[in-house]
Amino acid sequence: AMEDVCAKFVSQKISKARWRPLPAAALQPPDVFATGSWDNEDNRISFWSVGDLVNAGLNGEYHGEPQLLCDIWHNGDVMDMQFLDQERIVVASSTGTVTVFRHHQNNQTLSASQRWEKAHYHVDQDTSCGGAACTGVICNKPEIVTVGEDGRINLFRADQKDAVRTIDNADSSTLHAVTFLRTTEILTVNSIGQLKIWDLRQQRNEPSQIFSLAGDRVPLHCVDRHPNQQHIVATGGQDGMLSIWDIRHGTMPVSLLNAHEAEMWEVRFHPSNPDHLFTCSEDGSLWHWDTSTDISEKPSFLHQGGRSTAYFSHNTINQSVVSAWLSNDPTKDRMEITNLVPNQTLSVNSLDILGPCLVYGTDAEAIYVNRQLFA
């Protein structure tokens, strides 16, 4: 229900929001998240606490909006952010610089612990205006991969000054996002609708596989990999469509699903419950896609807040391991879609999901937290 959502107005347009990861054995829900801003006089990286049980009601629900723990100035728009571990977050800048910030929990401060100046650049690293936006970053500690407007891929290691590897002309168009498929393989998406797989063990600077949206060349903005089935990948782009790919088969998507009316900025499988997927868009919506099998037995998310629901059946593919996302029986497998932000008008730029908790950030200069997503 909408009353589970806390809003915090922050007088900055929020470009990215990320939950701090929990320790491996932790049972508590996530309690701290970070945001980055864009298109402001001064952009900032901010850490927030979601509010504590001190103000909780009798049923343990949380009251009170997120509280700012600490923040720090950031040079340029925040293009992407990814936690490296509990203390450190890696931030991609529109200036081409990549910075690792450390969160000091004892005194609630942030400091830049490492910086790769102009990791992305257009002409050469020395021209003053040569920086190219770093558009995407992904971490698999200690490794950090960045992609950019310059079509470059960098592999960094935390605490090492120089790049471990750079693929200079990886792409002739803008690379918009990157994800790890496995520890030695990454997947990039670009501005002409292509997915490319790169094997970091290979010394050659060519992708090992290329996939593309048929004919359209629609720019792809975001990508996420299914947490348990590494061959299933979701992407979203300029036209708001959600594409599901099986990278073991063919070079085209398995499913193209009508989603948003404008650019899709982020797509995320739920990390521990990947039958659930979330997308957000320039059109001001944030969709929850639910493929868990029997809809009739589930609690309804639908009767409150005037949310709209639609049922889609999947395109079909024959395969041995049946994932809901690659279904081979569309009659039994319907999908429930809920817009979690019914009346928003400005872009929802970023979302992150961990356990029962969703955080998202918007151009309306607000961050929103829903801590009872599956209540």
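Among the candidates D159, D171, D150, the residue that is assigned to a loop (DSSP other than H, G, I, E, B) and on the phi > 0 side of the Ramachandran plot is uniquely D159.
Residues in region 15-39 that are surrounded by 15 or more Cβ atoms within 10 Å (Cβ to Cβ) and in a loop (DSSP other than H, G, I, E, B): R20, P21, L22, P29, P30, D31, W38.
Among the residues of region 85-106, the one identified as in contact with an Asp or Glu (Cβ under 7 Å, 6 or more places away or on another chain) and of a type in the set (A, V, I, L, M) is A92. Taken residue by residue, region 130-151 has no member that is more than 20 Å from D224 (Cα to Cα), in contact with a Pro (Cβ under 8 Å, 6 or more places away or on another chain) and of a type outside the set (D, E, K, R).
Under the condition of being open to solvent by less than 20 Å² (accessible area, probe 1.4 Å) and under 20 Å from the mean Cα position of the chain (by Cα), the residues counted in region 89-115 number 11. Taking the criterion of being part of a loop (DSSP other than H, G, I, E, B) and either surrounded by 21 or more Cβ atoms within 10 Å (Cβ to Cβ) or at pLDDT 95 or above (or both), the only residue of region 347-362 that qualifies is S347.
Please state which of the following conditions T127 fails to meet, knowing it meets all the rest: (1) at pLDDT below 90; (2) polar (S, T, N, Q); (3) under 17 Å from the mean Cα position of the chain (by Cα). Tallying (1) at pLDDT below 90; (2) polar (S, T, N, Q); (3) under 17 Å from the mean Cα position of the chain (by Cα), T127 fails exactly one: (3). Residues in region 158-168 that are in contact with an Asp or Glu (Cβ under 9 Å, 6 or more places away or on another chain) and open to solvent by 70 Å² or more (accessible area, probe 1.4 Å): none. The strands (runs of 3 or more DSSP E) found entirely in region 205-246 that carry 2 or more residues being open to solvent by less than 40 Å² (accessible area, probe 1.4 Å) and over 20 Å from S272 (Cα atoms) are 220-225, 232-237, 242-246.
Going by what's in this entry, would W265 be described as open to solvent by 30 Å² or more (accessible area, probe 1.4 Å) and of a type in the set (F, W, Y)? Yes; evaluated as a whole, the condition is true for this residue. Out of region 87-112, which residues are modelled with pLDDT under 95 and closer than 21 Å to N140 by Cβ? Once the filter is applied, which keeps residues that are modelled with pLDDT under 95 and closer than 21 Å to N140 by Cβ, region 87-112 yields nothing. Within region 186-204, restricting attention to residues that are within 19 Å of C139 (Cβ to Cβ) and in a strand (DSSP E or B), the residue that is most open to solvent (accessible area, probe 1.4 Å) is D199.
With respect to (1) without any contact (Cβ under 8 Å) to a residue 40 or more places away in the chain; (2) surrounded by 13 or more Cβ atoms within 10 Å (Cβ to Cβ); (3) farther than 22 Å from M335 by Cβ, the lone exception for H176 is condition (1).
No other residue among K118, K141 is at positive phi and either free of Cβ contacts under 8 Å to residues at least 40 places away in the same chain or over 17 Å from the mean Cα position of the chain (by Cα) (or both) apart from K118.
The values are calculated or read from the model by the stated rules, or taken from the named source; none is laboratory data. Everything quoted here is computed from the prediction, not taken from an experiment. Because the Cβ atoms are built from the backbone with ideal geometry, glycine has one as well, and the counts that use them run over all protein chains shown. Heads up: the accessible areas ignore ligands, DNA and RNA and are worked out on the full protein's heavy atoms, side chains in. Shrake-Rupley method; radii C 1.70, N 1.55, O 1.52, S 1.80 Å.
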